[in-house]
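The structure appears below as structure tokens.
What follows is calculated from the coordinates using simple rules that are stated; it is not laboratory data. Computed from a predicted model, the values in this text were never measured in an experiment. Heads up, the Cβs are rebuilt from the backbone with ideal geometry, glycines too, and the neighbour counts pull from every protein chain shown.
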Amino acid sequence: MGFILFFSGIAFKLSLVPFHFWTPDVYQGASSPITMLLASVSKCAMFIVLLKCCFTATHLALLQDEKLVSFISWVAILSMIVGNSLALKQQSIKRLLAYSSIAHMGYLLIVMLLSGSTSVEMAWQSVLFYLTAYILASVSIFSVITFMERNRDAHSDITIGDWRGLFWQQPLMATLLIFSLLSFAGIPLTAGFIGKFYLISFAANEALWALLAALILGSGIALAYYLPVIFSLFSREIAREASQTSIENNSPSVSTNLTFSTMDKIVLNLFIIAGFSIGLFPDMIGKILQAI
């Protein structure tokens, strides 16, 4: 009971089901830099704390308890399915990312279900690589949101409609979004694909077939909301409509009115290069994470 209470407190911070209800409202209501910290640094730190507490000799034995394994398994499965399913109808980018983060934390929870101490090293490697990919994609998307909010009302919310045709107006920004969303979806040649490959390998080695099935199902559902966002970036019709509207109103649209300093462009390019490099050279990143 003590461990379940401890785990529930950490699960609240990680937005795991059924402790997830606060997440979309906080993501949408907070300013983008604060939301970025919640989505990346906060979740990463809490998951590392959870694993460090659980991967001790005493708690490794505790994790073999059948009821406890069942409890953690159900939390992971529900987080994967519920998080991805609730993201399907979202138009607000922040709320979509909030529900997506619920699913990603559910994926990571798989590594807690170890069959023995020999799996600890593989579990750490899987977690660190996945967290690296997740943080990079999250920070990249929230950086784009922050840049776009410079030209909007502070209380307005970025929606999928605001990104329609963005590739034809801001190709650098759209390219970063494409790489980040593909990484979240786990498409090959991205860091997210390698991270999910680690988790699938771990689940297969541990014979966690129910969790593996939930991971694959959740990833399939995720494609149903990640890909339409990517397709909207290439919408020519909306781009032309936005351009025509701005001409009629004698005011530039949000996308065309964006201004970037040299530092902004450097940051965007660095994120693109980092995401592409991790997907192409995962062994190099894996060695660095092992050394750390």
Under 5 Å, built H, 5+ apart or other chain: amide partners of Thr159
Ile93
Taking Lys and Arg as +1 and Asp and Glu as -1, residues besides His20 with C-beta under 14 Å from its C-beta add up to +2
Check the straight Cα-Cα distances from Lys89 and name the lysines below 30 Å, setting aside those fewer than 8 residues away within the same chain.
Lys13, Lys43, Lys196
In segment 1-92, the trypsin sites (Lys or Arg not before Pro) that sit in a DSSP loop and have at most 16 other Cβ atoms within 10 Å of their own Cβ are Lys89
Set the Förster radius R0 to 30 Å, insert the Cβ-Cβ distance between Phe197 and Asn269 as r into 1/(1 + (r/R0)^6), and round the FRET efficiency to 0.05.
0.65
What percent does the relative contact order of segment 59-216 come to when contacts are Cα pairs within less than 8 Å and at least six residues apart?
27 percent
Residues Leu181, Leu212 arranged by fewest to most Cβ contacts within 10 Å
Leu212, Leu181
Testing the spin-label approximation: label points 7 Å from Cα along Cα→Cβ at Thr159 and Phe281. State their distance in nm.
4.3 nm
Looking only at lysines whose Cα falls under 26 Å of Lys265's and that sit 8 or more positions away or on another chain, we get Lys94
Can you tally the net charge around Ser143? Count Lys and Arg as +1, Asp and Glu as -1, for every other residue whose Cβ sits under 13 Å from the Cβ of Ser143.
0
Once both label points are put 7 Å beyond Cα along the C-beta direction, the Met122-Ala207 separation in nm becomes 1.3 nm
Net charge contributed by nearby residues that have their C-beta within less than 14 Å of Gln91 (K/R +1, D/E -1):
+2
Which percent of the Cα-Cα distances in segment 1-136 go past 19 Å?
49 percent
Can you tell me the length gained on complete extension of the stretch Leu217 to Phe71, counting 0.36 nm per residue apart and subtracting the Cα distance?
50.6 nm
The chain: calculated mean residue ellipticity at 222 nm from DSSP helix runs of at least 4, using -39500 (n - 2.57)
-23500 deg cm²/dmol
